[in-house]
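One structure is given below, encoded as structure tokens.
The values are calculated or read from the model by the stated rules, or taken from the named source; none is laboratory data. Here the structure is a predicted model, which means the values were calculated and not measured. Every residue, glycine as well, gets a Cβ built from its backbone with ideal geometry; the counts of neighbours run over all protein chains shown. These accessible areas exclude ligands, DNA and RNA; they are computed on the full protein's heavy atoms, side chains included. Shrake-Rupley method; radii C 1.70, N 1.55, O 1.52, S 1.80 Å.
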Number of protein chains: 2
Amino acid sequence: MAAPVDPETGKAHIRLFVDQPLCAGGAVDLQAEPTHYLRNVMRRKVGDSLAVFNGADGEWSATIAALDRKSARLSLGACIRPQSRNPDIWLVFAPVKGARMDFIAQKATELGAGVLVPVLTHRTVVRKVNVPRLRANAVEAAEQCNCLVVPPVHEAVTLDRLLDDWDPARTLIHCDESGAAPPIQEALPGAPEGPAAILIGPEGGFDRAERDRLRRLPSALAVGLGPRIMRADTAALAALALWQAIRGDWR
Amino acid sequence: MAAPVDPETGKAHIRLFVDQPLCAGGAVDLQAEPTHYLRNVMRRKVGDSLAVFNGADGEWSATIAALDRKSARLSLGACIRPQSRNPDIWLVFAPVKGARMDFIAQKATELGAGVLVPVLTHRTVVRKVNVPRLRANAVEAAEQCNCLVVPPVHEAVTLDRLLDDWDPARTLIHCDESGAAPPIQEALPGAPEGPAAILIGPEGGFDRAERDRLRRLPSALAVGLGPRIMRADTAALAALALWQAIRGDWR
């Protein structure tokens, strides 16, 4: 939950993600956490207005109809924006530590990733993935950045398992640090149309068996991200920005 | 100071930035902070080896010749890598709060920015810029990511002052949230060759006077970064990645 300040008025504009259906004449019941935010953090009262979205039904104006210590009820007004969709691009990434993991979820949401998939490779050091925390980061980024879409976060899966079940129609854009792959801006324009995924390995890179398997996967496309080594979170966001510009909805 | 672990050996490889000239047969004297890191954090002893770089003379192997509680002396061995240079791309950014500011300095270093320039716009909320902290973040990113270049961090300057003195030969790529500018991937290929800068405004955007002034600047190039609103740090890194791919050294 977060409220960017309108620079013209200096007043905070609240956009709240709610996991409930939204429709004309409907209502939304809030539990303790968003109620605390509205009441104690933002000091809102019955009759105050805000905006709500759920990632499926667009964005709606809402009015606080009831506000207790642990729960609140919102009355829905008009639909402000119809639902938009992100391009069909997954971000498949090996988990990293702490704040940089939060950061990947936030930035990938701002950059319009469709789905976030934590993947455990042979050299992945961080093997426990806090999916609710990643999801909370994606929600917060969507609230702050006026996004209508919160990308779903999948449970962590091993790379071997992920590739066993890989949909051959989804191009797997695999960021290759070896220097042998064509630069991403040259490789992407020639990739097949349709669904895609960006795969970012762990900080130590993929091991030989994984590299061999990726090389044999018909839907894999190896790309390079320039002459410098980047941390995994930087590489993920750089690749996602390039994809949106060349194949996604920046066009 | 940071030491990525070699995934094959499991042993930390130390790369230390030092602000001293490096040459064959030379020596480097370390002060308290890097000495503490070598001795107490990394548990290194006299005779142990590491690598050092200074952003100007390439990367050198070094051996610990003396190690006391508060100082150390390194003997330089061979030059391991000749000095490389980053493309002439500045990142000019309105300061943001706390960790996201550190993050801009780290990620811009990984993405090969040539110079970092904090800029104070009319709507910039954060007006105090801790330049030594930004520089420390750039150094740490360079150490961790095998970079040879640490981009200089300029003192903060107002946008008005920066534009008063703007070199007309440097294209000022200005990220425009209005939706009216052409997408960055379409605008950049037609930009003049030569030095460039990416300008990212504050979270509230530029005000009308600033937008008018940017519009009148002959070397300014307005670009769009897609249909979603991004936080300033995300926009900075996305634009830098696109520039490196289209005009920089990813080609």
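Here are a few things to note about the model shown:
- If you go through region A:89-111 and keep only what is under 13 Å from the mean Cα position of the chain (by Cα) and either of a type in the set (Ser, Thr, Tyr) or under 22 Å from residue A:162 (Cα atoms) (or both), you end up with A:89, A:90, A:91, A:92, A:93, A:101, A:104, A:105, A:108, A:109.
- Qualifying residue in region B:207-220 (condition: surrounded by 22 or more Cβ atoms within 10 Å (Cβ to Cβ) and farther than 15 Å from residue A:145 by Cα): no
- In region B:203-219, the qualifying residues are those that are part of a loop (DSSP other than H, G, I, E, B) and in contact with a Leu (Cβ under 9 Å, 6 or more places away or on another chain), and the one that is nearest to residue B:247 (Cα to Cα) is B:219.
- When region B:179-191 is filtered for residues that are touching a residue at least 24 places away in the same chain (Cβ under 8 Å) and either open to solvent by less than 30 Å² (accessible area, probe 1.4 Å) or on the phi < 0 side of the Ramachandran plot (or both), the ones remaining, listed by number, are B:180, B:181, B:182, B:183, B:184, B:185, B:187, B:188, B:189, B:191.
- Among all residues of region B:157-178, there is at least one that is acidic (Asp, Glu), within 30 Å of residue A:251 (Cα to Cα) and open to solvent by less than 70 Å² (accessible area, probe 1.4 Å).
- Scanning region B:92-120 for residues that are modelled with pLDDT under 95 and either more than 23 Å from residue A:233 (Cβ to Cβ) or touching a Phe, Trp or Tyr at 6+ places or on another chain (Cβ under 8 Å) (or both) yields one hit, B:103.
- Candidates in region A:103-116 are the residues that are out of contact with any Asp or Glu (no Cβ under 9 Å at 6 or more places or on another chain) and either free of Cβ contacts under 8 Å to residues at least 40 places away in the same chain or of a type in the set (Val, Ile, Thr) (or both); of these, the one that is farthest from residue A:155 (Cα to Cα) is A:110.
- Taking the criterion of being over 15 Å from residue A:111 (Cβ atoms) and open to solvent by less than 30 Å² (accessible area, probe 1.4 Å), the residues of region B:221-244 that qualify are B:223, B:243, B:244.
- Only one of A:135, A:127, A:123 that is surrounded by fewer than 20 Cβ atoms within 10 Å (Cβ to Cβ) and within 14 Å of chain B (Cβ to nearest Cβ): A:123
- Among the residues of region B:53-78, those identified as closer than 25 Å to residue B:135 by Cα and touching a Ser or Thr at 6+ places or on another chain (Cβ under 8 Å) are B:61, B:62, B:70, B:71, B:72, B:74, B:76.
- Selection from region B:54-79 of residues that are open to solvent by less than 60 Å² (accessible area, probe 1.4 Å) and touching a Phe, Trp or Tyr at 6+ places or on another chain (Cβ under 6 Å): B:59, B:76
- Scanning region A:124-148 for residues that are β-branched (Val, Ile, Thr), out of contact with any His (no Cβ under 9 Å at 6 or more places or on another chain) and closer than 21 Å to residue A:33 by Cα gives a single hit, A:139.
- Inside region B:80-98, residues that are touching a residue at least 40 places away in the same chain (Cβ under 8 Å) and open to solvent by 50 Å² or more (accessible area, probe 1.4 Å) make up a count of 6.
- Residue ranges of strands (runs of 3 or more DSSP E) in region A:24-77 with at least 1 members over 24 Å from residue A:141 (Cβ atoms): A:27-30, A:59-67
- Evaluation of residue B:199 against the conditions (1) farther than 26 Å from residue A:100 by Cα; (2) of a type outside the set (Val, Ile, Thr); (3) buried (at least 24 other Cβ atoms within 10 Å of the Cβ) shows that the sole unmet condition is (1).
- Members of region B:204-226 that are at the interface with chain A (Cβ under 7 Å from one of its Cβ atoms) and more than 11 Å from residue B:176 (Cα to Cα): B:204
- Residue identified as at the interface with chain B (Cβ under 8 Å from one of its Cβ atoms), in contact (Cβ under 8 Å) with a residue 40 or more places away in the chain and within 22 Å of the chain's Cα centre (by Cα) among A:173, A:246, A:198, A:229: A:246
- Residue match in region B:56-79 (condition: touching a residue at least 12 places away in the same chain (Cβ under 8 Å), away from every other protein chain (no Cβ under 14 Å) and touching a Cys at 6+ places or on another chain (Cβ under 6 Å)): yes
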